[in-house]
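The next block holds one structure in the form of structure tokens; read it before the comments.
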Amino acid sequence: MFSHQWQKMGSRQIAQETFDEAVQENITEFQMEPEEAVREAVQQFQSQGVDLSNIVKAVRPVSENGQRQKHQILLSLESLGRAVAEQDVAQLPELLAALAAQCKQEPACRCLAARHGAYPTLLSACQLAAGHGAALPAALGALAALLDGQPELLDAPGRELLLRGLREREAALAGLRCVRHACLRHEHNRQAFVSAGVLPLLTAAIAQHGGDAELVRAAAATLRAMTLDDDIRVPFGHAHEHARMIVLENDGLRVLIEAARAFRDDCGVLSELCATLSRLAVRNEFCQEIVDLGGLNFLVTLLADCVEHPDVVRQVLGALRAVAGNDDVKDAVVSAGATDLIVLAINRHLGNPQICEQGCAALCMLALRKPENCSVIVEGGGALAALQAMKAHPGEAAVQVSPSQPLLSLAGLLWGLFICFLGFFLLVLIKSCRVLNALGGQRLSAAPLHLSP
């Protein structure tokens, strides 16, 4: 399965049946209780270097005659298969809900179901449920649960079915979740969906939301999935090209900003929209367009209004960092007073490493190639906030790297102010963090500071 890419080299694999036999042997021959038998089997296999990430670590249920049955998820899958074969639409919603709940329990359950033909069964269930009210959303919901972490299961008929589901209002939400799971860490599925015309459907779902917050969240998350480059099997993805198509061919920036204005009181929706907006700021002209559409002012206002909501703060900081990639927009961000709000957000959420990383990275971007912005950052407490973030998270490589860059830049430009307040602490902190690995495997090292004018 796809998850095998992330397993350690040389790890051993066993079949589910092998694990179940070991558990049963512990019960029958060593008189262990079921829970103890499972724990013992897990310890034995792990001590032998066996990877159990795709193994359901549970005791199979007992039938009325005392015989061990199949795992519960396989029993549910068999019941669903019989209903599909008999075209019993009335039973579909209940059976599909049960299977979806079991798939959501853990990845091992999804893997076990997939190995026993869950995907073709669910695809047949979706085709049978089409046009039968709540049955199709339930079928797509179960399919989304199965595809989570297993995007390679999707084939061309499944892709066509999902595209049809996105065009139906009742099934759109479940369909969006299916598409997102199918595209995460799978470049082929992403390109196939984009080629089949999914982008207009996604932007239309956001623009024509009708006040449905969950639909907008799902559509924004799915749109963002199209701009990712996370498939390790592919040397070069189409993330940048997909972002270009979203902006230029589907008016994606305007759609996202208008949706954010419509849901300004919903933190969950705002987080998704800001996260997606940051993925689209990949060109200078796109960053400028965000400013022209009023997106920058909205982000600054949102940061001030939602500073107590960490999810929103993190995504807004990420968006500000992205749009500041344009040097002209840097000036607009500073003029809008965003630097003070970024420092406030870092200090307010000093215990949150993600916010510290994004906030310091935003300050770094604003200072890059802009000496005049450095004094604004230092006078606003940005350098001290970056140092405090480094002190608060000594074990977070990303937090150590992000603040070190703007601080080293500020040292060369504002040497007097820096040496008086921060120089000694910076050198001590960077020296203590030399053992940390940076995100790309590089080691953080302290560059020599020239503190003379």
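Those residues that are part of a loop (DSSP other than H, G, I, E, B) and over 21 Å from ALA90 (Cα atoms), I need them from region 124-156; list them, please.
Those that are part of a loop (DSSP other than H, G, I, E, B) and over 21 Å from ALA90 (Cα atoms): ASP148, GLY149, GLN150, LEU154, ASP155.
In this structure, is ALA130 closer than 19 Å to LEU161 by Cβ and in contact with an Asp or Glu (Cβ under 8 Å, 6 or more places away or on another chain)?
no
Has region 15-37 got at least one residue that is in a helix (DSSP H, G or I), surrounded by 13 or more Cβ atoms within 10 Å (Cβ to Cβ) and at pLDDT below 90?
no
Report whether or not GLU160 is more than 26 Å from LEU270 (Cα to Cα), in contact with a helix residue (DSSP H, G or I) (Cβ under 7 Å, 6 or more places away or on another chain), part of a helix (DSSP H, G or I) and among the acidic types (Asp, Glu).
no
Scan region 186-200 and tell me whether some residue there is closer than 15 Å to LEU96 by Cβ, under 20 Å from the mean Cα position of the chain (by Cα) and part of a helix (DSSP H, G or I).
Within region 186-200 (the criterion being closer than 15 Å to LEU96 by Cβ, under 20 Å from the mean Cα position of the chain (by Cα) and part of a helix (DSSP H, G or I)), the answer is no, since none of the residues qualifies.
With the condition kept exactly as written, say whether any residue in region 65-76 is at pLDDT 95 or above and in contact with a Phe, Trp or Tyr (Cβ under 8 Å, 6 or more places away or on another chain).
Within region 65-76, none of the residues are at pLDDT 95 or above and in contact with a Phe, Trp or Tyr (Cβ under 8 Å, 6 or more places away or on another chain).
The values are calculated or read from the model by the stated rules, or taken from the named source; none is laboratory data. This one's a predicted model, so the numbers in the text were calculated from it and none came from an experiment. Here Cβ is always computed from backbone atoms with ideal geometry, including for glycine, and neighbour counts include all displayed protein chains.
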